Each structure stands twice: as C-alpha cells, then as structure tokens.
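Please read the structure below before turning to the comments.
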There are 2 protein chains.
Amino acid sequence: MKLLDLYAKLKKDINVIEKELERSIDVDHPLLRDASLHLLKAGGKRIRPVFVLLGGKFGTYDLERIKHVAVPLELIHMASLVHDDVIDDASTRRGQLTVRSKWDNRIAMYTGDYIFAKALSIVTKLANPAIHQIMSKALVEMSIGEMEQIRFFYHTEQTVRDYLLRIKRKTALLLAISCQLGAMAAEAPDRTAKLLYKFGYFTGMAYQVRDDLLDLCGTEKELGKPPGSDIKQGNITIPVIFALQNPELRPDLLQELARIQACDGQTDVSRFLDMIRQSEGISRAEALASKYIDKAIGVLQELPDIQAKKDLVGIAHFVGNRTY
Amino acid sequence: MKLLDLYAKLKKDINVIEKELERSIDVDHPLLRDASLHLLKAGGKRIRPVFVLLGGKFGTYDLERIKHVAVPLELIHMASLVHDDVIDDASTRRGQLTVRSKWDNRIAMYTGDYIFAKALSIVTKLANPAIHQIMSKALVEMSIGEMEQIRFFYHTEQTVRDYLLRIKRKTALLLAISCQLGAMAAEAPDRTAKLLYKFGYFTGMAYQVRDDLLDLCGTEKELGKPPGSDIKQGNITIPVIFALQNPELRPDLLQELARIQACDGQTDVSRFLDMIRQSEGISRAEALASKYIDKAIGVLQELPDIQAKKDLVGIAHFVGNRTY
C-alpha cells in the first residue's frame, strides 16, 4: 500500500512531531494533562502534520521551524474533536472513551479551550504574523461551521451550497492551511503556498464527501460503529441532499426523515439507509468526490516535480478511493 | 465620583471600542450573531479596554492601532464568561439571562469558541508577533485556571498560594496584559509596558479579593444575587482559607462546609456566612487587598506624571474601596 510507504518515509519526522505533541500538553495540572494525553493517545492519522511536512518540502525544509506549524494544526484538530464530542454526546471515538464520557462535559470543554489556546501560543514561536493570522482566521471559520452544523440539523431544505460551505469549514479549511502553512514556514514562494492551499482544500472536500458516503454505505465492521450515525444526529449529508432532489423519492424520504427526527434519532434507520443506497445520491456524491480529487491533482501540475508532489498525488488518490 | 469622571473623559474612545466590538461579532450567522450580541449587550464595566486605552497614553496614542488590542481583550473576557456560565449552570449574569439559559449549553460553548477565535484573529491585524504571543500565552494560563477552579471545589486543604495562583489566572493576568499590551500597541518603552503589566496584575489581584469579600459580606440588594454564591458552587475563597487557619473555628467550619458540599450547595448557607463574617478572615482579606493596591500604586511611581497615571491611581483606589 502506497500510503503506508509514505508514512514509513516520513516516519522520523512524524515521530519528532509526535514527541512535540506530547511535550506541548505536558502541563503541570494532573486532570488537564490526563485528559489531553488521553485525547492525543486516541491517535488518528496525523494527516494535518503530514500535509505540513509535505508542504514544507517545497521550500527550505527545516523541521525545527515547521514543527511550530505542524503541532498547532494537529492540536486544533484535537480540540475541535473534544468540543464536537460534547455537542454530539459521543461516548466513544475511534473505539476509545471520549474525554466527556471518561470525565465530564465541563472537563471536555476546558480541555478543548486549553488545547486551542496552546495551539495558538505555539505558532507564535514563528515570528511571522501572516501565519498567525491565517491560523486564527481559520479557527473563526471553523467555529462558525460548528454552529452551522447545529443550525442545519434535520434541515431538509438545505442546498448543495449550504452543505459544501459547511464541510469546507468543518474539514477542508484546516487541511488547506496545513499544506499552505507548511510551505510558508519553509519560506516557499507565495504562489506555491497558494497552490498548496488549493490542493489541501480540494482533497479535504473529497475526504469529507467520502466520509459522509461511508457513514451511509459502510458496514458496522468497516466503520467501527453502526452506519447511519450522521442522520441519527440530524446531519444531512450530500448523498441525502441529492436523493431529495429526486421528485419520485422525495415524499417518502421526507416522511422517513420526519420520523427519525421525531424520535430524536433514537430509532432504527435501516429503511432510510436502503432508500439512500438505492438512490442516485450515492453515485452523484461519488462523482463529486472524484471531481474534487481531479481538481486537487490538477493544481499540483504547476509545482516542481519533487518527491513531495508525487506523495501528495498518492494521498489524493488514496482519499478518492478510501473505503475505510 | 472620580471613576465616572474618568469614563466621561474617555467616553469618545470607549464609544469607538464599543462600535468595534459590535462590528467584530457581526457575523453572517443569525444564531451566532444573536448570542454574541446578547453577551455584548449584557454590558460590563469594559475595564479591560479602559486599561488598554490608559496604557496606550504612555506611548504614541493611536486609537486605530490600540483598538486592535482593546477589542480582543474584551472579547476574551466575554468568551471566558460564556464558558464559565456553562460550567456554573448559571442562568443569569448581571440580571440578564445567560447564553446557555436563553439558548443552550452547546450554543454557549460554540459562541465562546467563536469569540475566542475572533479575538485572536483581530489582534493579528497588528503585525507585532510579541503581542500575539503574550495574548495567546495568557489564554493558555486562563484555561489552566478554569480547570484549577474545578479541581479546588470544596478543597479545604488548599493553601493561600493555591488561591493566589488561581485568581492570578482567573482575573489578574488579563488585566495585567491589558495595561501592558495597550502600552506595546502604542510603542511605549519596554520598561513602561513591564511596569504597567505589574500595575494591572496587582490591581487585578485586589479586585478579585474584594469581589470574593463582597460575595461573603454583601447584601442581596448590593450584589444583585444572594450572598454566598461562591461557596454554593464549591469555590473556597481567601476569607474562608484564612478563617480555616483559626484552630478554634476550624472544626465547626469544616463540618459546615462538609454539610454544604453534601447538599451540592443546594442549601441555606447563612450559618456559614455568619461564621466567616465573625472571623478574622474578613479583616485579613481586606488587608491583603489593600496591600495589593499599595503595590499597584507603588509601581507607577517610576512612570512619567501624565494624566493617565493619575487615572490609574484613581482606578486603583476605587478597586481598593469598592463596595459593589
């Protein structure tokens, strides 16, 4: 598998980032340290640091500088997860207890606040105000996105555009600035950083569309949780929006959605899943993800043919085809 | 009243800050805007912006620059209040419904996240990385302080030092950097900014000690809420810590505290209040507040005798004598 090769190649640097992540939350407060460390140890693919490292290869690669971007971006991701878990009443994530279920919602909220603050404080070690600005603006957008998600719960009249703006804020933006800030920390040319932003953005959009597809089409074994958890939370994703556009399917689907909402998601959703799986919502969403991947690879053309470019193409293909 | 005179004198500039505060949260998201505006309109003394403005008078006073510090510092204060209200299950603050009771805890959490992010993004308009660093580091300390507060609920073995470190993080630090960053945004000399930091710190410590005294000694009419709300939350403040040091009072007081804790604060606390009011905890805490005020005024000596210095002395005296 190509992706594993990539991680193997970057392993030494990823290990440095991992150590720095641990060091960054080694606070002299037992509860805060335990909760943060629990969150860190729950793992994840560290895709944001990987994007930062690869972005850095397009400039003067200096891990000592680049880490001051890679660590905060992963911390921001972690902090947003812990706040999400409060909202979603989630008791597990990636098979591990969440902070809010191992401790409580208060601890989860303050752990998130602490990690957000820590992220922004680490990046200030780079004396480049433009980097600080990009990161804090992304945080503003992300927090608006969180609210948008609540606003659009069970909102059957939302448009494709509503959805796309939401996943941009929720997922794509942080991946976009990971590529961009990696390049900026390595003092790559402005144009390079801009193109890498676009690559991260398009890949992130594809990633979220595929993630939303998986929640509808995957099996419990593949997902590590039952399918349909999005709709149980009220989260209407793009295959559903596409399916609702079919006038023959729409009335039945609206009725089923109203039923699920009336139970506040505490109901069997297999009929809903069957309806979506048999609709053209799936193939249209798959086509959308592929379109984003093509765009992502397209923007890389202009960049020099270094190994990092090949690695980014490999990641994009992987995201386009991911089945878990 | 001297303090009103000061506000009258700064009124034009405070109004500019007030407008900027409104503009800063004028986000294209109805719920987020309403919640943020609700929070803003609940008011407050805007003491952080006042400290920023006065700090700025020691350098090249330019409101267009200084506002990029004054607005974020007030926003950080607002965001920390909205997250505090989630933790405290508070339904009103300053006689207004809190965000969490008008909407819900989820909205309150994300409104806080949004306002924190917005604060950090506004300050990046000043291309001075040192200012960004001071602000984000203060946020880290503040979030540790929030957790400390939870950890020390009903913790009768805590020391004076535990308490002082906690109120430093909770209150004094943000006031300290308000003075300091006002000076830095106005490019005042480093030494001036450092002294102003100390002034804000000492005044902030006195402010919180007096605040904690008021909660024990004030009447419901003066406070706008019944006295004893700190202990009902489990928050053991300095007069109580001092009172516990009295070996004759200690056993009874411990018993009373255990009783309150067993009821999770949902009980009459008048006996507890009487015990504290009759103890030397009150006079010792008053003496501590006065000592901080003396120190605050002391550090100003070295600064030039401009009007802003007189205003800061006036504020310090006001804080030292505040009875509401």
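The values are calculated or read from the model by the stated rules, or taken from the named source; none is laboratory data. Just so it is clear, the model here is predicted, and its values are computed rather than measured. So basically every Cβ, Gly included, is an ideal-geometry build from the backbone, and we count neighbours across all protein chains shown. SASA here: full protein model, heavy atoms, side chains in, ligands and nucleic acids out. Shrake-Rupley method; radii C 1.70, N 1.55, O 1.52, S 1.80 Å.
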| In whole percent, what relative contact order does chain A give with Cα contacts below 8 Å and a gap of six or more residues? | 19
| Measuring label to label, 7 Å along Cα→Cβ, what does B:Ile306 give against each other copy in nm, shortest first? | 4.8
| note | So, in nm and shortest first, the distances from A:Pro251 to its counterparts in the other copies, with label points 7 Å along Cα→Cβ, work out as 8.1
| message | Ignoring solvent entirely, what values of log10 I(q)/I(0) come out of the Debye formula for segment A:3-321 at 0.09, 0.10, 0.13, 0.16 Å⁻¹ when each Cα is a single scatterer? | response | -0.47, -0.59, -0.98, -1.39
| How many Cβ atoms of partner chains, on average, are near each residue of A:150-158 if near means within 10 Å of its Cβ? | 1
| request: Kindly state, to the nearest 0.05, the FRET efficiency for A:Thr219 paired with A:Asn321, given R0 = 22 Å and r defined as their beta-carbon distance. | output: 0.80
| remark: Regression test value, accessible area per residue of segment A:60-216, probe 1.4 Å, units Å², expected 32
| Which distance in Å, rounded to a whole number, links the C-alpha centroids of segment A:141-215 and segment B:15-37? | 25
| said: Under 18 Å between alpha carbons, and skipping anything fewer than 8 positions from A:Lys291 in its own chain: which aspartates and glutamates qualify? | reply: A:Asp211, A:Asp212, A:Glu280
| note | Straight-line reach check, B:Lys295, cutoff 15 Å on alpha carbons, 8 or more apart in-chain or any other chain, hits among aspartates and glutamates -> B:Glu286
| remark: The alpha-carbon center of segment A:278-315 and that of segment B:282-315 are separated, in whole Å, by 63
| remark: When the charge dipole of segment B:168-324 is computed with +1 at the Cβ of Lys and Arg and -1 at the Cβ of Asp and Glu, the Cα pointing farthest to the positive end, of B:Ala243, B:Leu253, B:Ala296, is that of B:Ala296
| task | In debye, nearest 20, what is the charge dipole magnitude of segment A:3-321 about its Cα centre with +1 on Lys and Arg Cβ and -1 on Asp and Glu Cβ, if you could check? | result | 720
| query | A:Ser270 label points, 7 Å along Cα→Cβ, one per copy: pairwise distances from this copy to the rest in nm, shortest first? | reply | 6.3
| request: Would you tell me the mean number of C-beta atoms belonging to other protein chains that fall within 10 Å of each C-beta in B:82-88, as a whole number? | output: 2
| Out of every Cα pair in the protein assembly as shown, what percent are spaced more than 48 Å from each other? | 20
| Which whole-Hz ³J(HN,Hα) couplings does segment B:154-163 yield from phi under the Karplus relation 6.51 cos²θ - 1.76 cosθ + 1.60, θ = phi - 60°, glycine and proline marked x? | 6, 8, 7, 8, 5, 9, 4, 5, 4, 4
| Under a 1.4 angstrom probe, counting protein chains only, how are B:His132, A:His317 ranked by accessible area, largest first? | A:His317, B:His132
| Reachable aspartates and glutamates from B:Lys194, Cα under 15 Å, same-chain residues fewer than 8 places away excluded? | B:Glu302
| Here are some pairs, A:Lys137/A:Lys221; A:Lys45/A:Lys102; A:Lys118/A:Lys168; A:Lys118/B:Lys11; A:Lys125/B:Lys125; A:Lys12/A:Lys310; which of them have Cα atoms lying more than 26 Å apart in this structure? | A:Lys137/A:Lys221; A:Lys118/B:Lys11
| task | Calculate for chain B the 222 nm mean residue ellipticity that helices alone would give, adding -39,500 (n - 2.57) per DSSP H run of length 4 or more and normalising by residue count, nearest 500 deg cm²/dmol. | result | -23500 deg cm²/dmol
| field | Accessible area of the protein assembly as shown belonging to carbon and sulfur atoms, whole % at 1.4 Å probe | value | 50
| said: Threshold 30 Å², probe 1.4 Å: give the residues of segment A:111-129, in number order, that are less accessible with all protein chains present than with their chain alone. | reply: A:Asp113, A:Tyr114, A:Ala117, A:Leu120, A:Ser121, A:Thr124, A:Pro129
| task | Take every residue in peptide A:28-37, count the Cβ atoms of other chains within 10 Å of its Cβ, and give the average of those counts. | result | 2
| said: Rounded to the nearest 100 Å², what is the buried accessible area between B and A, both sides summed, probe 1.4 Å? | reply: 3600
